[in-house]
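The values are calculated or read from the model by the stated rules, or taken from the named source; none is laboratory data. Just so we're clear, the structure is a prediction, and the values are computed from it rather than from any experiment. Neighbour counts run over all protein chains shown; Cβ positions are idealised from the backbone, glycine included. The protein model used for the area step is the full one, side chains on, heavy atoms only, and it has no ligands, DNA or RNA in it. Shrake-Rupley method; radii C 1.70, N 1.55, O 1.52, S 1.80 Å.
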Amino acid sequence: MSSVSFPHLRRSLLATTAIAGACALLALVSPSYARASTTPEVAATVEQDSAIRPFKVNIPEEAVADLRKRVLATRWPDRETVGDQSQGVQLAKLQDLVAYWGTQYDWRKVEKQLNALPMFVTKIDGLDIQFIHVKSKHPNAMPLLLTHGWPGSILELTKAIAPLTDPTAHGGRAEDAFDVIIPSMPGYGFSQRPTSGGWNPDRIGLAWDVLMKRLGYKRYVSQGGDWGSVIADAMGRQAPPGLLGIHVNMPATVPADVAKAISDGTPPPAGLSTSETAAYESLKTFFSKNAAYGAMMGTRPQTVGYGLSDSPAGLAAWMFDKFNQWTYSGGDAGKSLTKDEMLDGISLYWLTNSAVSSARLYWENNNNNFNAVEQKTRDIKIPVAVTVFPGEIYKAPKTWTERAYPNLVYFNEVDKGGHFAAWEEPELFAKELRAAFRTLR
């Protein structure tokens, strides 16, 4: 099937952390992956490879001190020559965030929060995959796989754990409870970095099904935003036995003619409704003014990664730019996320040295991820649920969504929240998932 790409971003996931450099401190060394053999030695290796091991975060103090030293030694450029964000993150705003990072921010707080959760690591397809696994106290809880995106991590999903696993304490019903599984994608956070190519969304989707089956779940649902939406769509196409349905909050609904118009710089197709025209305009603005990050990571992740891996302030600017643009905040991320929350996410990328390994996922993907044709959404036959948050990169119209997903069982537009839905509005996010998956229990 032919595909139509938006300009300059053929290899970008467009939404859009492997601590191999410090693997000793995370104890992620294990035997090489083996698929089949009858010898006792290999059988033991397979057993160890499939083992689920407890995991704790313990970043060395010298790494934290080095981060602070680098932050305080930042060499700043001159300020922007305009009075808005059209040239990127404004100097004064970034200096304020970075000054807090170097003098008041405490990494150990989020490390303690993570270590209070049940975390594990297991080897899948040759890589150690780190994940959170929180079981509900309520009987018959539905297993729910949550996948983060970029510039996110498992941290963007942790605030939703309590309302998902314990709905009765958050305005829900016991029968709406979930067991929650949150893996770090390969090359992100505390999952191992791939050392060879091929780790694209389809391969990650296959790995996630292995993880769920390894945890003993025969029936489950999958959810994602940003990269997580792309991976959930991939799993929907794969339709492994036991996957009951998917929910996405960055759906791939853009029709081919609309995608072509944006790519060619021509007017939108005739007959678009008000909501469809608004979606077209949002996407046109995104691709013409705000998508350079994807082009760079999609074509030269290694090149851009040198600066991101050497300068904490550079990494902060790279991520803070998207926090500002993609939260439901009118361009001021601080209205949706606290400084500590943003710096938790940025610090996770820095302390795991995963700027390059995470960016390579853009290079691995060869599709436009808003485009229904390139995402092959009509190949998804299992139930699909969609929630549209007003601060998303584009607000998917219901008409496009119904056309893109032939088995759409749930669609809702909410009144707050943005691209980082679970991070910004965890209670609303959980409420949506309860409603979206209720008929699949």
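When segment 373-383 is filtered for residues that are out of contact with any Lys or Arg (no Cβ under 8 Å at 6 or more places or on another chain), outside any loop (DSSP other than H, G, I, E, B) and either closer than 30 Å to K112 by Cα or open to solvent by 30 Å² or more (accessible area, probe 1.4 Å) (or both), only R378 remains. When residues in segment 347-372 are screened for being part of a loop (DSSP other than H, G, I, E, B) and either open to solvent by less than 40 Å² (accessible area, probe 1.4 Å) or among the charged types (D, E, K, R) (or both), 7 of them pass.
Screening segment 389-407 for residues that are touching a Pro at 6+ places or on another chain (Cβ under 8 Å) and crowded, with 19+ Cβ neighbours inside 10 Å and picking the one that is farthest from V254 (Cα to Cα) gives Y405. Could you grab me the full set of residues in segment 51-84 that are in a helix (DSSP H, G or I) and of a type in the set (G, A, S)? Of everything in segment 51-84, those that are in a helix (DSSP H, G or I) and of a type in the set (G, A, S) turn out to be A63, A65. Among the candidates A317, A278, A292, the residue that is at pLDDT below 95, over 23 Å from R378 (Cα atoms), of a type in the set (A, V, I, L, M) and open to solvent by 20 Å² or more (accessible area, probe 1.4 Å) is uniquely A292. Within segment 99-120, the set of residues being in contact with a helix residue (DSSP H, G or I) (Cβ under 8 Å, 6 or more places away or on another chain) and either open to solvent by less than 50 Å² (accessible area, probe 1.4 Å) or closer than 25 Å to W208 by Cβ (or both) comprises Y100, W101, G102, Y105, W107, V110, Q113, L114, L117. Would you check if A207 is at negative phi, surrounded by 23 or more Cβ atoms within 10 Å (Cβ to Cβ), within 18 Å of the chain's Cα centre (by Cα) and not in a loop (DSSP other than H, G, I, E, B)? So A207 does not fit the description; no. Of Q48, Q95, Q87, Q113, all but one fail to be more than 20 Å from T158 (Cβ to Cβ), in a helix (DSSP H, G or I) and at pLDDT 95 or above; the exception is Q95.
Answer yes if at least one residue in segment 333-340 is in contact with a Pro (Cβ under 6 Å, 6 or more places away or on another chain) and open to solvent by less than 10 Å² (accessible area, probe 1.4 Å), and no otherwise. The answer is no; no qualifying residue exists.
Within segment 307-322, does at least one residue satisfy the condition of being within 30 Å of F437 (Cβ to Cβ), under 20 Å from the mean Cα position of the chain (by Cα) and not acidic (D, E)? Looking for residues that are within 30 Å of F437 (Cβ to Cβ), under 20 Å from the mean Cα position of the chain (by Cα) and not acidic (D, E), one finds at least one in segment 307-322, hence yes. When the test is whether a residue is buried (at least 20 other Cβ atoms within 10 Å of the Cβ), out of contact with any Phe, Trp or Tyr (no Cβ under 6 Å at 6 or more places or on another chain) and not β-branched (V, I, T), D96 does not pass it. Exactly one residue out of T253, T266 is polar (S, T, N, Q) and open to solvent by less than 10 Å² (accessible area, probe 1.4 Å): that is T253.
Checked against (1) outside any loop (DSSP other than H, G, I, E, B); (2) out of contact with any Pro (no Cβ under 6 Å at 6 or more places or on another chain); (3) buried (at least 24 other Cβ atoms within 10 Å of the Cβ), D344 passes all but a single condition, namely (3).
A quick yes/no check of all residues on (1) crowded, with 17+ Cβ neighbours inside 10 Å; (2) at pLDDT 95 or above:
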| residue | (1), (2) |
| --- | --- |
| A24 | no, no |
| E41 | no, no |
| I59 | yes, yes |
| V82 | no, yes |
| K123 | yes, yes |
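In segment 183-204, the residues that are open to solvent by 40 Å² or more (accessible area, probe 1.4 Å) reach residues that are of a type in the set (D, E) and not in a loop (DSSP other than H, G, I, E, B) with C-beta atoms within less than 8 angstrom, at least six apart or across chains, in these pairs: Q192/D128; G197/E364; N200/E364.
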